[in-house]
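Engineer: Can you read through this structure? Questions will come right after.
FYI, it's all coordinate maths here, none of it is from the lab. Since the structure is predicted, the reported quantities are computational estimates derived from the model, not experimental observations. FYI the Cβ positions are ideal-geometry reconstructions off the backbone, even for glycines, and counts take in every protein chain you see.
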Amino acid sequence: MPPSYATAQDRIRQYFDTVGFEKWQRFARGEAQNRIQASIVAGREQTMTNILAWGGDWRGRRVLDAGCGTGAFARRLVDAGADVTGVDISAREIEAARERVPEAAFQQADFYGVTETFDVVVCLDSLIYYAEDDLVQLLQHLGKRARVALYFTFTPSTVFFEVMHAVGKLFPKGNASPAIAQIKAKRLYKRLEKEIPLRLAQTTHINSSFYQTTLVELRGA
C-alpha cells in the first residue's frame, strides 16, 4: 500500500468518524445550512440521478457501493431494485447506513479488502481524496470487481479549485475535511485506456457552484 494512500485513508477515517459525520448525515437527508452546503446537496443529487439513468434497469443487479458513507445512494439503489453491498472505512458511517438501509449489507472495510465480484461498482465521491497514481491503482483493483460497469467521480483541475485550494491553505481550519485531489482529466483518461480493465464509455461534468465533479462510466468489454 503506497504511503500516500495510507495517509489519505487515515485522514478520511478520522474526519468521517468525528466532525464530518453530522455534516454528511445532513447531506444524506438533503439538508443544508448555507449556500455552499446547498450547492453540494444539489450537485450530489444530480450525480446520483445521472448514475441511475446511465445504469438503466437496476433490478436484480449486484451492486457494490464503495465508500457508501451513511447510505444515501445505497437507499436509492435498493429502491431501484438492486441487491446492494456497501463498504466504508468509517465505523460511524457504516452504523448509520445500516439504520438507513436495512435491506442492504454493509461492512467496515478498505477498498482493497473487497474481493467479491459484482455486476456494478459505484464510487460516488469516495475517490476524490486520492492523488492520480493512487486513484488509478484503486480503479485497477475495483475494475476487476465489476462485471458490467464502474461509476466514479473525480474533481477536475480548474482555476476555480486552484484558488479554493490556495485560500484553504491561507486560512486553514482545524475541522476541515481531507483535501480534495485535483486531477488532470485528459491525462487520467489516457491512463484509463492503458491501465484499466474496462473501457471508457462516457463522462459528464456536474457544475453546482461549490460542487464541481466529473462523473465517469467505465464498461466491461
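Engineer: Relative contact order for region 3-219 using alpha-carbon pairs under 8 Å, separation at least 6, rounded to a whole percent?
Structural biologist: On the way: 375 pairs, mean separation 43.8, N = 217.
Here the relative contact order equals 20 percent.
Engineer: What length, rounded to one decimal in nm, is gained on full extension from residue 103 through to residue 17, with 0.36 nm per residue of separation minus their alpha-carbon distance?
Structural biologist: On the way: separation 86, 0.36 × 86 = 30.96 nm, distance 2.31 nm.
Separation in residues times 0.36 nm, less the Cα-Cα distance, equals 28.6 nm.
Engineer: Given 0.36 nm per residue, what is the gain on full extension from residue 35 to residue 203 after removing their alpha carbon distance, in nm?
Structural biologist: Details: separation 168, 0.36 × 168 = 60.48 nm, distance 2.66 nm.
Between residue 35 and residue 203, full extension yields 57.8 nm more.
Engineer: Give the longest segment of the chain that steers clear of GluC sites (Glu not before Pro) in DSSP loops with at most 16 neighbouring Cβ atoms within 10 Å, not counting the sites themselves.
Structural biologist: Details: sites that count: 31, 103, 116.
Here the longest run is 117-221.
Engineer: Moving on to the next point. DSSP loop (so not H, G, I, E, B), at most 14 other Cβ within 10 Å: list which trypsin sites (Lys or Arg not before Pro) in region 19-74 pass both filters. Don't jump to the answer; show the numbers that get you there.
Structural biologist: Values: sites: 23, 26, 29, 35, 44, 59, 61, 62; in loops: 29, 59, 61.
Here the sparse-neighbourhood loop sites are 29, 59.
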